[in-house]
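The values are calculated or read from the model by the stated rules, or taken from the named source; none is laboratory data. Keep in mind the model is a prediction, meaning the values are calculated, not measured. Using ideal geometry, Cβ is built from the backbone for each residue, glycine included, and neighbour counts are taken over all protein chains shown.
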Amino acid sequence: MSSTEAVSAVNRFGLGARPGELAGIGDARAWLDAQLRSDASQAMFSNLPSSLDYLRRETEYMEQRRQSKRSGEDAQAKQMKIGQLYRQSLMKELGRRYQVAVASENGFVERLVRFWSNHFAISVDKRQAALYAAPMEREAIRPNVLGSFSDLLLAVETHPGMLRYLDNVRSVGTDSRYAERMRKRAAKQANGKPKREPGLNENLAREILELHTLGVDGGYTQGDVTELARAITGWGVPLPQDWKRGTPRSSFVFRAAAHEEGTRELLGKRYLGSGEAQGRAILSDLSLHPATAHHLAYKLARHFVNDDPPTALVERLADAWRRSEGDLPTVYRTLIESPEAWSPAARKFKTPDDFLVSALRALDMPPTDNPRMSMGLLTRMGQPPFTPRSPAGFADDTAQWSGPDALWKRVQAASSIADAAPAERADPLEMAREVFAGSLDGETMTALRRAESPRDGLALLIASPAFQWRT
């Protein structure tokens, strides 16, 4: 095995080399393959609240706020308490997420978790979803990242994060029993109209087809979007009345009364009306569709190999997807075994998240449970965690992250990271050996040797062009 392949295994397939990691790699492909039999670091998250816990807390705070309004107490103080819950919970979730990323010995799996988390993007600037983006990653994505895409897709689309972010919790079949009750109740009112007419919301259905499965050119129609939206009416989360009856068993609830019964036709196939099972059957078929295989094969190849991935590689991955019926480790192994993944042209410009995590890994600097410095750096560099501000997620191409202002902010971030590095890690030449294994260009090595101080040298290395690429 060449040292170049080991460097690629940890820096491009993974999240960056940790001290001593390169020295422990024999066969780079076998090292990556072995990670596909790991547990995705679930134990590190075991003491964090579940989505069901967060839903309960939200319900309690909202009930307290309603009681405050009725009694004339300070409702604003209650609202501030809810905001505090959001901020503290999110910071603790992010602290743990970055601790795992920096300390993990399975950088390839951690990169896959981040890839799928960005594919199924949630943006915490939408208040209703703010508490659930990080839990969705650890509850829906981590347990399924080394399984089948069908299971991964279902876990994500039934998670409260996605259901809230794309408004499916408010989607009601126009001919459902719930909608009929609302119309009858409105008819008894003076003006004969409900305050808000219950109806269909197509946001989640559209993104399932356009982003999560088939892709924008996947051959679906607006009629398919509507039919899928009808099939997943009633998919929601526990409401206040559910908690009054006792503790719900799951953060996902199917409300039969809000579901639009009837046969659905999607992409030329008919699905009989059978409640929750109808939507599940459609998702299962979408996960196996040839357009899904190609769309996700392209995204994987683009993420791991090149902004413009080789057509042969994309087709090979799509074929593995189809043959294995969406078995994700089979697809990942096909990627590992493909010669295009190890060619000199295989290189990706780091996103700010990649840049920060790889620097922290190289310096062995896992954040605390209150990672304000790291979050501040990511925000200034334009990639605050779980805030893509679009269901399409953060961009995965060089042009988005390599402009002059973006590069200058990385230089500033490199200086902050170097200043915070522990004294025992403030050796730029040693860091260069552990990250690049002798492959670092001569110009950068000369600059490191001439640096005025070790911390200046660290800042130069972290800000160097070589460190900005996953090669």
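Values as computed for the structure displayed
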| item | result |
| --- | --- |
| Residue among R470, R450 that is touching a residue at least 12 places away in the same chain (Cβ under 8 Å) and either basic (K, R) or assigned by TED's automatic domain parsing to the domain that holds L204 (or both) | R470 |
| In the range 12-31, the residues that are under 26 Å from P352 (Cβ atoms) and free of Cβ contacts under 8 Å to residues at least 12 places away in the same chain | none |
| Hits in the range 433-457 - residues which are among the hydroxyl-bearing types (S, T, Y) and either within 37 Å of the chain's Cα centre (by Cα) or under 20 Å from A23 (Cα atoms) (or both) | S439, T444 |
| Failed criterion for M445 (all others in (1) closer than 25 Å to P352 by Cβ; (2) aliphatic (A, V, I, L, M); (3) assigned to a helix (DSSP H, G or I) hold) | (1) |
| Residue list for the range 272-309, restricted to those being of a type in the set (D, E, K, R) and part of a helix (DSSP H, G or I) | E276, R280, D285, K299, R302 |
| Residue within the range 395-407 that is more than 24 Å from the chain's Cα centre (by Cα) and closer than 27 Å to G24 by Cα present | no |
| Filter result (in a loop (DSSP other than H, G, I, E, B) and surrounded by fewer than 13 Cβ atoms within 10 Å (Cβ to Cβ)) within the range 251-271 | T263, G268 |
| Test: residue in the range 231-248 that is of a type in the set (G, A, S) and over 30 Å from E63 (Cα atoms) | yes |
| Single residue of the range 117-128 satisfying the filter (assigned to a helix (DSSP H, G or I) and either touching a helix residue (DSSP H, G or I) at 6+ places or on another chain (Cβ under 7 Å) or modelled with pLDDT under 95 (or both)) that is surrounded by the fewest Cβ atoms within 10 Å (Cβ to Cβ) | R127 |
| Lone unmet requirement of (1) closer than 27 Å to G223 by Cβ; (2) of a type in the set (G, A, S); (3) buried (at least 23 other Cβ atoms within 10 Å of the Cβ) for A133 | (1) |
| Residue within the range 380-391 that is at pLDDT 95 or above and part of a helix (DSSP H, G or I) present | yes |
| Residue among R114, R66 that is surrounded by fewer than 19 Cβ atoms within 10 Å (Cβ to Cβ) and part of a helix (DSSP H, G or I) | R66 |
| Qualifying residue in the range 160-179 (condition: crowded, with 22+ Cβ neighbours inside 10 Å, in contact (Cβ under 8 Å) with a residue 24 or more places away in the chain, among the hydrophobic types (A, V, I, L, M, F, W, C) and closer than 30 Å to V305 by Cα) | yes |
| Flag if P238 is within 24 Å of the chain's Cα centre (by Cα), crowded, with 18+ Cβ neighbours inside 10 Å, touching a residue at least 40 places away in the same chain (Cβ under 8 Å) and not in a helix (DSSP H, G or I) | yes |
| The range 376-394, residues that are without any contact (Cβ under 8 Å) to a residue 12 or more places away in the chain and either within 13 Å of the chain's Cα centre (by Cα) or surrounded by 15 or more Cβ atoms within 10 Å (Cβ to Cβ) (or both) | P384 |
| Residue among A318, A312 that is crowded, with 18+ Cβ neighbours inside 10 Å, in a helix (DSSP H, G or I) and among the small types (G, A, S) | A318 |
| Residue tally, condition over 15 Å from L32 (Cβ atoms) and buried (at least 17 other Cβ atoms within 10 Å of the Cβ), over the range 323-339 | 3 |
| Qualifying residue in the range 408-427 (condition: of a type in the set (A, V, I, L, M), buried (at least 16 other Cβ atoms within 10 Å of the Cβ), in contact with a Ser or Thr (Cβ under 9 Å, 6 or more places away or on another chain) and within 12 Å of P454 (Cα to Cα)) | yes |
| The range 32-59, residues that are free of Cβ contacts under 8 Å to residues at least 24 places away in the same chain and more than 22 Å from the chain's Cα centre (by Cα) | A34 |
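For every residue, the table says whether it meets (1) among the aliphatic types (A, V, I, L, M); (2) in contact with an Asp or Glu (Cβ under 6 Å, 6 or more places away or on another chain).
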site	(1), (2)
G273	no, yes
A297	yes, no
T311	no, no
R316	no, no
S338	no, no
R347	no, no
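Every residue, every condition in (1) surrounded by fewer than 16 Cβ atoms within 10 Å (Cβ to Cβ); (2) at pLDDT below 95, yes or no:
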| residue | (1), (2) |
| --- | --- |
| A9 | no, no |
| R12 | no, no |
| L15 | no, no |
| G24 | yes, yes |
| A34 | yes, no |
| D39 | yes, yes |
| A43 | yes, yes |
| S46 | yes, yes |
